[in-house]
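Report on the structure given below.
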Amino acid sequence: MSTAEDAPLIEAILELRWGEVSIGSFQFNDDDQQLFAGKISAVASSSGFSHVEHINPGPNFPGNVSYRFRSSENAWPCYQVGLGIFTVNQIDKGYEWQSFYSAIEKGLEMFDAAGPNKLAAIKDTLVLILRYQDAFVKDNEDENLEDYLSTKFHIEAGLPDSFFNNTYVNNGINAINCQFHIESVKPKGEVILKVASGIISGQPGILLETLNITKASNIFGDKEVTVEDILTWLNEAHDVQKHSFANVVKQGG
């Protein structure tokens with residue numbers, strides 16, 4: 001996926017998440033809880049992203065974005081920060097891999113400037129995520145989901161005919177929501193493919209989400225994590241994302 005025209009992209013997102021020491025258990029220091037969002041705001045403003053949106057005025061929950069920074073109202077890409085999370089977001093309009101990569105590089109530089117020792121401090125719980133969200137509108141609203149997944153995607157999903165051969169259920173699947181987890185070798189981590197029914201511009205269709213997830217401690221070991229290290233990971237994760245999309249979606253199907 002090099003340009004928006006190659007896929008019905010909704011949004012591409014880089015996420016840095018940290019603070020989860022075990023499933024559902026988080027630990028944050030004072031910088032995370034009280035200072036870092038303000039530091040990011042100051043650096044973002046001085047870097048040309050002075051339009052600030054306070055999008056979550058409620059309790060400061062882990063992984064919830066609190067502030068969004070743009071160069072101007074409704075401009076993309078945008079940067080987001082919250083307790084244990086920092087993201088770079090780009091929608092389909094204006095998406096191109098190299099410009100998104102540059103926006104991520106800029107975001108990581110701002111992150112590093114806001115907290116010169118931040119990456120070292122959070123390395124043990126840091127998780128890197130590259131997320132792509134795509135949407136596909138069904139050409140034929142009456143086409144059943146099993147046939148649509150087989151025709152449009154390289155996905156075979158369904159139930160045996162015998163399941164429908166009775167008077168207890170109607171003949172057909174109304175919606176689907178499933179995900180596939182695959183270990184990735186380069187970069188080391190996991191690929192998750194999520195496939196779900198959805199309404200897209202008022203029409204029924206399929207939402208496809210691809211995530212490349214890596215725990216920093218699994219690939220960097222005792223080495224100090226740098227912006228350059230994350231960018232190397234990003235290129236590898238993007239290669240996996242392109243491979244995933246190309247082998248799931250039937251081009252021209």
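Quick notes
- Condition check for V225: out of contact with any helix residue (DSSP H, G or I) (no Cβ under 8 Å at 6 or more places or on another chain), surrounded by 15 or more Cβ atoms within 10 Å (Cβ to Cβ) and not in a strand (DSSP E or B): no
- Residue match in the range 180-194 (condition: surrounded by 13 or more Cβ atoms within 10 Å (Cβ to Cβ), closer than 19 Å to N144 by Cβ, out of contact with any helix residue (DSSP H, G or I) (no Cβ under 8 Å at 6 or more places or on another chain) and not aliphatic (A, V, I, L, M)): no
- Looking at the range 37-156, none of the strands (runs of 3 or more DSSP E) lying wholly inside it contains 2 or more residues that are at pLDDT below 95, surrounded by fewer than 16 Cβ atoms within 10 Å (Cβ to Cβ) and basic (K, R).
- Test: E109 is more than 19 Å from the chain's Cα centre (by Cα) and within 19 Å of N235 (Cα to Cα): yes
- Checking each residue in the range 172-202 for being under 17 Å from the mean Cα position of the chain (by Cα) and small (G, A, S) picks out S184, G189, A196.
- In the set I219, I230, I182, only one residue is assigned to a helix (DSSP H, G or I), of a type outside the set (S, T, N, Q), within 30 Å of E105 (Cα to Cα) and at pLDDT 95 or above; that residue is I230.
- Some residue of the range 242-252 being modelled with pLDDT of 95 or more, out of contact with any Lys or Arg (no Cβ under 8 Å at 6 or more places or on another chain), surrounded by 14 or more Cβ atoms within 10 Å (Cβ to Cβ) and not in a loop (DSSP other than H, G, I, E, B): no
- Residues considered: I173, I192. Of these, the only one that is part of a strand (DSSP E or B), in contact (Cβ under 8 Å) with a residue 12 or more places away in the chain and touching a Leu at 6+ places or on another chain (Cβ under 6 Å) is I192.
The values are calculated or read from the model by the stated rules, or taken from the named source; none is laboratory data. Treat the numbers as computed from the prediction; the structure is a model and nothing was measured. Because the Cβ atoms are built from the backbone with ideal geometry, glycine has one as well, and the counts that use them run over all protein chains shown.
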